[in-house]
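The values are calculated or read from the model by the stated rules, or taken from the named source; none is laboratory data. This one's a predicted model, so the numbers in the text were calculated from it and none came from an experiment. Neighbour counts are summed over all protein chains in view; Cβ atoms, including those assigned to glycine, are modelled from backbone coordinates with ideal geometry. In case anyone asks, the SASA skips ligands and DNA or RNA and just uses the protein heavy atoms, side chains included. Shrake-Rupley method; radii C 1.70, N 1.55, O 1.52, S 1.80 Å.
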Amino acid sequence: MKHTDIVHVLQQEPSLHEITVRGWVRSFRSNRFIALNDGSTINNIQCVVDFENFEEETLKNITTGAAIEVSGLLVESQGQGQKVEIQVSKVEVLGTADPEEVKLTILSPKRHSLEKLREQAHLRVRTNTFGAVMRVRSKLSFAVHEYFQKNGFYYMHTPIITGSDAEGAGEMFKVSALDPKNPPLDDHGNVNYKEDFFEKETNLTVSGQLEAETYAMGLGKVYTFGPTFRAENSNTSRHLAEFWMIEPEVAFNNLADNMDLAEDFIKYVIKYALDNCQDDLEFLENRLLEEDKVKPAAERQEMKLREKLHFVIDNNFKRVSYTEAIDILKNSKPNKKKKFNYIIEEWGADLQSEHERFLVEKHFKCPVILFDYPATIKAFYMRLNEDEKTVRAMDVLFPGIGEIVGGSQREERYDVLKKKMEAMDISAEELYWYLDLRKFGTCTHSGFGLGFERLVLFVTGMGNIRDVIPYPRTPGNAEF
């Protein structure tokens, strides 16, 4: 039988026509009132049962967690909190849920900690919090593609298994078909990867940027949006081993153009979420307000969730050089009073999240784009400035989270790039194609990377990045 999503039912006016919905029971009160949810909205539909007209066995199986189909007239609700409800004429139990087992799970109708929800990740999307987060994640994902497609970008799929290290940091997961207990060795006693599946050492990708650059040199504007992997031993609330990365690359764009693109893109997708996820964002905002009530005043959020999102889209991003930012931080009260965990003492320091947040939240009070970083703390492919000390790199900083975007103008000069690779001990043989690209119509080009989960983390207001991924119990993201 054809059924209607609850999100659409709740938007309708009372009708004399029969309607059918399917979903999972959130509660069944007084053998009369069913709260039903199908995941299409944060809101439940109330289904009113005249228990005298139904078999007792059917009513016994309408328990929290059970899957049911309900048919009946959509009528004006007699209770508060909803405009319409279903006057039930037929109920079919599609899947039962034992009440005693439900009591042992997060489906039981009581408040559970996020830590408890992570322990039962296979059920957590049935809760209001994670249902809201995943619907927002889905809308943001759509907005990413919509933005680039509307602006003339071509979507490309970069390799997941690769022989190159885009970042030059070596923090990659190896991919091999060799016997780990007895691998073949070469004459020098090293693992002989020539006998491996790909006949060379290979890894899971950390970025699709290098390959995207080759496509930008032929198609002009491209973007990738796919899984990436980092073997970085950082077990924090903002790091994952497996995550999705958004990476546009644009031919003929310089660093200023790249900043414009990043600001316009971020504002677009956040506004899309505000326009299309109103109920879910309202729920998540109220959830944060309830959490803040039990926190010390100093730890409470300065802005409500949706206020923070408007803070981003309603303000121009302040553009500040790294050198200027260092001077501001060195002379700041937290630095002078040694209240930062990492004290800024000299030019060339790698900024921490606490420094980035200070610039955004306390000093400039708007989103900030830092640019022209020291070459020593950035990747090999970034365009070297004339001073040969800084590179045309940029980071976009947000309130509450710090860096959310990292990008740069790419080094287009063959000789300079080759020299930088040699200095950083990056194999020119492995990346011959990347160097070779600079021989044929080399031109200014730029791009950036945005970790999608960090964007979702910011928009939903969740505190741990593992709470915004669809299913955390993967090998790379199993630890909390």
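Residues in region 254-266 that are open to solvent by 40 Å² or more (accessible area, probe 1.4 Å) and of a type outside the set (Asp, Glu): Asn254, Ala256.
Take the conditions closer than 21 Å to Val456 by Cα and more than 19 Å from the chain's Cα centre (by Cα) and apply them to Glu263. Does it pass? Taking the combined requirement at face value, the residue does not satisfy it.
For region 323-348: of the residues being touching a residue at least 24 places away in the same chain (Cβ under 8 Å) and hydrophobic (A, V, I, L, M, F, W, C), which is surrounded by the most Cβ atoms within 10 Å (Cβ to Cβ)? The qualifying residue surrounded by the most Cβ atoms within 10 Å (Cβ to Cβ) is Ala325.
Filtering region 137-159 to residues that are open to solvent by less than 20 Å² (accessible area, probe 1.4 Å) and within 30 Å of Met172 (Cα to Cα) leaves Leu140, Ala143, Val144, Phe148, Phe153, Met156. Against the test of being in contact with an Asp or Glu (Cβ under 8 Å, 6 or more places away or on another chain), of a type in the set (A, V, I, L, M) and either in a helix (DSSP H, G or I) or under 23 Å from Ala325 (Cα atoms) (or both), the options Leu455, Leu417, Leu435 yield a single qualifying residue, Leu417.
Taking region 382-407 as the range and being more than 25 Å from the chain's Cα centre (by Cα) and either in contact (Cβ under 8 Å) with a residue 60 or more places away in the chain or open to solvent by 40 Å² or more (accessible area, probe 1.4 Å) (or both) as the test, the residues that pass are Arg383, Glu386, Asp387, Glu388, Lys389, Thr390, Arg392. Among the residues of region 407-450, those that are polar (S, T, N, Q) and under 14 Å from Glu213 (Cβ atoms) comprise Ser408, Gln409, Thr442, Thr444, Ser446. For region 64-75, the tally of residues that are under 18 Å from Arg124 (Cα atoms) and open to solvent by 10 Å² or more (accessible area, probe 1.4 Å) stands at 3.
Residues are listed down the side, and each one gets a yes or a no for (1) over 12 Å from Ile6 (Cβ atoms); (2) open to solvent by 20 Å² or more (accessible area, probe 1.4 Å); (3) among the polar types (S, T, N, Q); (4) out of contact with any strand residue (DSSP E or B) (no Cβ under 8 Å at 6 or more places or on another chain):
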position: Arg26; (1), (2), (3), (4): no, yes, no, no
position: Thr41; (1), (2), (3), (4): no, no, yes, yes
position: Glu52; (1), (2), (3), (4): yes, yes, no, yes
position: Ile62; (1), (2), (3), (4): yes, no, no, no
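Scan region 448-456 and give yes if some residue there is out of contact with any strand residue (DSSP E or B) (no Cβ under 7 Å at 6 or more places or on another chain), surrounded by 13 or more Cβ atoms within 10 Å (Cβ to Cβ) and at pLDDT 95 or above, otherwise no. Yes - at least one qualifying residue is present in region 448-456. Residues in region 167-209 that are within 24 Å of the chain's Cα centre (by Cα), assigned to a strand (DSSP E or B) and among the aliphatic types (A, V, I, L, M): Leu204 alone. Scanning region 108-121 for residues that are without any contact (Cβ under 8 Å) to a residue 40 or more places away in the chain, in a loop (DSSP other than H, G, I, E, B) and open to solvent by 30 Å² or more (accessible area, probe 1.4 Å) turns up Lys110, Arg111, His112, Ser113. Note on region 221-244: residues that are open to solvent by 20 Å² or more (accessible area, probe 1.4 Å) and either part of a strand (DSSP E or B) or closer than 17 Å to Arg392 by Cα (or both) total 6. Taking the numbered list (1) closer than 17 Å to Cys277 by Cα; (2) out of contact with any Pro (no Cβ under 9 Å at 6 or more places or on another chain) in turn, Arg137 passes all entries but (2). The one condition from (1) assigned to a helix (DSSP H, G or I); (2) free of Cβ contacts under 8 Å to residues at least 12 places away in the same chain; (3) more than 14 Å from the chain's Cα centre (by Cα) that Gly131 does not meet is (2). With region 332-414 as the region, which strands (runs of 3 or more DSSP E) entirely inside it contain at least 3 residues that are β-branched (Val, Ile, Thr)? In region 332-414, 390-398 are the strands (runs of 3 or more DSSP E) which contain 3 or more residues that are β-branched (Val, Ile, Thr).
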